[in-house]
Amino acid sequence: MLLHQPSDIRTINRLRVLNLIRSQRGLSRADISKELGLNKPSCSEIVNDLIGEGLVTEGEKTETASGRRPTPLMIAKNGHLVVGISIGLRLCSIAISDLEGNVLGYKQVPTPQHPTPKELCILLLKDFLHMYHGGEKKLAGCVVSLSGRISENNTSVEELSEWGWKDVHLTLPFTNNMGCVCSLVDETEAMVSAERLLAKERPDSFLYVNWGEHIGATSVRGSQEDRSDLGHARIANEGSCVCGGTGCLETVSAGWAVERNFGGKSLRELAQARPAGFDRAMDTAALALGMEIAQAVAITGQKKVVLSGNIPTLLPSLVERVTLAMRSSLPPFLQEAEIVRSPLGDKARQMGPVAVALDRYIFRQSLLARFRT
């Protein structure tokens, strides 16, 4: 990334300071200046600006044997709030979070059957406004996650085939009624962001697989993320997929396909009732998914696979079945590849849009990563 203007350089340095304070709580201005190689007046000016913006706060000085220590700095976690909305075929969720990713308000609501964009927006906005009730904390932004084709500018749903949505400017009603900027993100991309920003264990390189209503995958190496349409890899010559194709992995392994084959009951209901043929269907789903993950591992060379989504949450025993299927399809020199559950567990989906909102509107680590490269 080329920096041409002094304002560009200042923007990057501002983000460097902000993210250092986030990652190392309690640093002083002098510590930050030394760590980042910034001159002290510039560093102090940036810190003062961040304090003025309500993003950073000063802690109390403490006495030491050699006198008073410099003023420690930390993120003003309640200075701003972000909103993350997850739209699913069965359930939607709304989460209001502080700047440290702590959820201050959360609500889960059933998704209406085949909702119109207007119907769904009204439902979600009513619940959000009831939760927020004119709070005094400033909303930095809102991110809405869903499984559908999203425009490059992250404002429109180009297609959500299950509901017949096409070219829906979904962010406009949220922006107009919430008084803050709003954008869209793919569900799997959002969950990867949650893994990288909020999980306690943050591997630098992994293949992330979201196994739920749909199947998504992203290969992560450092700051590089490569998304794939794993769920639409062709594995058979029959089976109609929601994408319009035939024989996609999703027709066997995705939640929507399993629900369709069992009379439209939800995965949660099926996991509890275990109707005849359900266990066999899920074993087949796990086998097919494991074999396709093996292909992805062979192509990407990833050694760690993070498996997330509501299916491994509802049926955790399937993780072992997916692992066995993957290893049986891998050559000996790739047998060290492992599959682990996401440390965020069932919170990955709800925290995904929150993490993206924190990145897009506050910490902008994605921009910093491009700067470093």
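Annotations for the structure displayed:
- Qualifying residue in segment 106-124 (condition: in a loop (DSSP other than H, G, I, E, B) and either under 22 Å from the mean Cα position of the chain (by Cα) or more than 30 Å from Leu267 (Cα to Cα) (or both)): yes
- Just one residue in the set Leu184, Leu160, Leu146 is surrounded by 20 or more Cβ atoms within 10 Å (Cβ to Cβ), within 26 Å of Ser342 (Cβ to Cβ), free of Cβ contacts under 8 Å to residues at least 24 places away in the same chain and not acidic (Asp, Glu); that residue is Leu160.
- A single member of Ala190, Ala199 is more than 26 Å from Asp279 (Cβ to Cβ) and at pLDDT below 95, and it is Ala199.
- Selection of segment 260-276 for residues being without any contact (Cβ under 8 Å) to a residue 12 or more places away in the chain and either crowded, with 17+ Cβ neighbours inside 10 Å or within 22 Å of Ser240 (Cβ to Cβ) (or both) yields Arg260, Gly263, Gly264, Lys265.
- The set of residues in segment 195-240 that are in contact (Cβ under 8 Å) with a residue 40 or more places away in the chain, within 15 Å of Ala288 (Cα to Cα) and in a helix (DSSP H, G or I) contains only Leu230.
- Search result, residues across segment 225-238 that are of a type in the set (Gly, Ala, Ser) and crowded, with 17+ Cβ neighbours inside 10 Å: Ser228, Gly231, Ala233
- Residue check: Arg196 meets all listed conditions (1) surrounded by 14 or more Cβ atoms within 10 Å (Cβ to Cβ); (2) touching an Asp or Glu at 6+ places or on another chain (Cβ under 8 Å); (3) under 25 Å from Leu230 (Cβ atoms); (4) among the basic types (Lys, Arg) but one, namely (2).
- Among the conditions (1) farther than 17 Å from Thr188 by Cβ; (2) in a loop (DSSP other than H, G, I, E, B), the only one that Cys243 does not satisfy is (1).
- Residue count for segment 306-326, restricted to those that are touching a Gly at 6+ places or on another chain (Cβ under 8 Å) and part of a helix (DSSP H, G or I): 9
- Residue count, segment 239-259 (criterion: surrounded by fewer than 18 Cβ atoms within 10 Å (Cβ to Cβ) and touching a helix residue (DSSP H, G or I) at 6+ places or on another chain (Cβ under 9 Å)): 5
- Near pairs, Cβ below 6 angstrom, 6+ apart or cross-chain, from segment 52-67 (part of a loop (DSSP other than H, G, I, E, B)) to any residue that is surrounded by fewer than 12 Cβ atoms within 10 Å (Cβ to Cβ) and at pLDDT below 95: Lys61/Arg68
- Counting the residues of segment 110-131 that are more than 12 Å from Phe174 (Cα to Cα), touching a helix residue (DSSP H, G or I) at 6+ places or on another chain (Cβ under 7 Å) and surrounded by 14 or more Cβ atoms within 10 Å (Cβ to Cβ) gives 1.
- Residue within segment 278-287 that is farther than 23 Å from Leu324 by Cα and either assigned by TED's automatic domain parsing to the domain that holds Ser317 or touching a helix residue (DSSP H, G or I) at 6+ places or on another chain (Cβ under 6 Å) (or both) present: no
- Condition check for Ser266: more than 22 Å from Arg149 (Cα to Cα) and either touching a helix residue (DSSP H, G or I) at 6+ places or on another chain (Cβ under 6 Å) or of a type outside the set (Val, Ile, Thr) (or both): yes
- Close pairs from segment 89-106: first more than 17 Å from Val356 (Cβ to Cβ) and modelled with pLDDT under 95, partner of a type in the set (A, V, I, L, M, F, W, C) and surrounded by 20 or more Cβ atoms within 10 Å (Cβ to Cβ), Cβ under 6 Å, at least 6 apart: Leu104/Ile96; Gly105/Ile96
- 1 or more residues more than 30 Å from Gly222 (Cα to Cα) and assigned by TED's automatic domain parsing to the domain that holds Leu125: qualifying strands (runs of 3 or more DSSP E) within segment 138-194: 138-146, 157-160, 165-168
- The requirement of being within 25 Å of the chain's Cα centre (by Cα), hydroxyl-bearing (Ser, Thr, Tyr) and over 20 Å from Gly212 (Cβ atoms) is fulfilled somewhere in segment 298-307, by at least one residue.
The values are calculated or read from the model by the stated rules, or taken from the named source; none is laboratory data. Nothing here was measured: the structure is a model prediction, and the numbers come from that model. All Cβ positions, even for glycine, are placed from backbone atoms using ideal geometry, and neighbour counts span all protein chains on display.
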